[in-house]
Every structure is written in C-alpha cells, then in structure tokens.
Amino acid sequence: MSFGLLKFPKNDKHFTWTDHSKTKMIQYFISESKIRNVIKKHDRSESGIAPKTVAVMQRNDRGKKKEELWVMYQKIGSKKLGEKLNIISVWRYPGVSPKKEVPIPEDVMEELGGINS
C-alpha cells in the first residue's frame, strides 16, 4: 500500500512496522530508507519511554533549519533465532533536543496511550 509518493514498508525478517509508525511516516514525510538509515547511523541513542524500547536520533539539518529525526523501536525475538526490530514510532523534532530526554511530540504520546517510563 502506498500514500502518494510514500511507499509503506512491509514486514520482513529484519523489521516489523506498527500501524502507528506507518501513520507517522505519512504525517512527517519520512521514508522507510530514511528510517533504516537513522537506525543504522544514529547520532544518539536513548532508552525509550516504554519498557525495553530504544529511541535513536539522527540530525537532519538543512541550511538554517535545524531538526532531528527520531525512531523508537523494540528488539523482538532472540539472537539465536534472529532478532527483529519492531518499529514503534517515528517523528521529527524541530531544533536540538536536550540530552538524556527523548522528546516525543504530544500527539505521538497520545496515540501511544501516554506510556510513561
């Protein structure tokens, strides 16, 4: 399924995608390849707000516009049988976020059910 020029990712042996993450991909115009790149070459990694989750960030500055791309995921499966990453959410953060704090927009928190760490 696709929405305009954005193609929805399909679950494979490395990644599973929540409906929430697909919705946020459309909202923030973030492609699957960009998300994979953020996971692979992130600038910062933090503990996610939900148990056993990780949030990674990559700077995405363009000229004077400063922003960060964030991806929250959870490892599922085992190393023996092969780990997969469950992509929970993705978002853009304007500016520079404070370290040791995952800056999650309010709409994302509401849709995730207000999970607190």
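Has segment 71-83 got at least one residue that is farther than 20 Å from Lys7 by Cβ and touching a residue at least 40 places away in the same chain (Cβ under 8 Å)?
Keep residues of segment 71-83 that are farther than 20 Å from Lys7 by Cβ, which gives 72, 74-83.
In the following step, the residues that additionally are touching a residue at least 40 places away in the same chain (Cβ under 8 Å) were identified as 76, 82.
There is at least one residue in segment 71-83 that is farther than 20 Å from Lys7 by Cβ and touching a residue at least 40 places away in the same chain (Cβ under 8 Å).
Condition first: of a type in the set (D, E, K, R) and either at pLDDT 95 or above or farther than 20 Å from Lys40 by Cβ (or both). Now tell me which residues in segment 68-80 satisfy that.
Correct list: Glu68, Lys80.
Being closer than 27 Å to Lys10 by Cα and charged (D, E, K, R) is the filter; apply it to segment 81-105 and report the residue that is modelled with the lowest pLDDT.
Here the answer is Glu83.
Which of the strands (runs of 3 or more DSSP E) contained wholly in segment 1-103 include at least 2 residues that are among the aliphatic types (A, V, I, L, M)?
In segment 1-103, 54-59, 67-76, 84-94 are the strands (runs of 3 or more DSSP E) which contain 2 or more residues that are among the aliphatic types (A, V, I, L, M).
The values are calculated or read from the model by the stated rules, or taken from the named source; none is laboratory data. Keep in mind it's a predicted model, so treat the numbers as computed, not measured. Cβ coordinates were reconstructed from backbone atoms using ideal geometry, including for glycine residues, and neighbour counts include every protein chain displayed.
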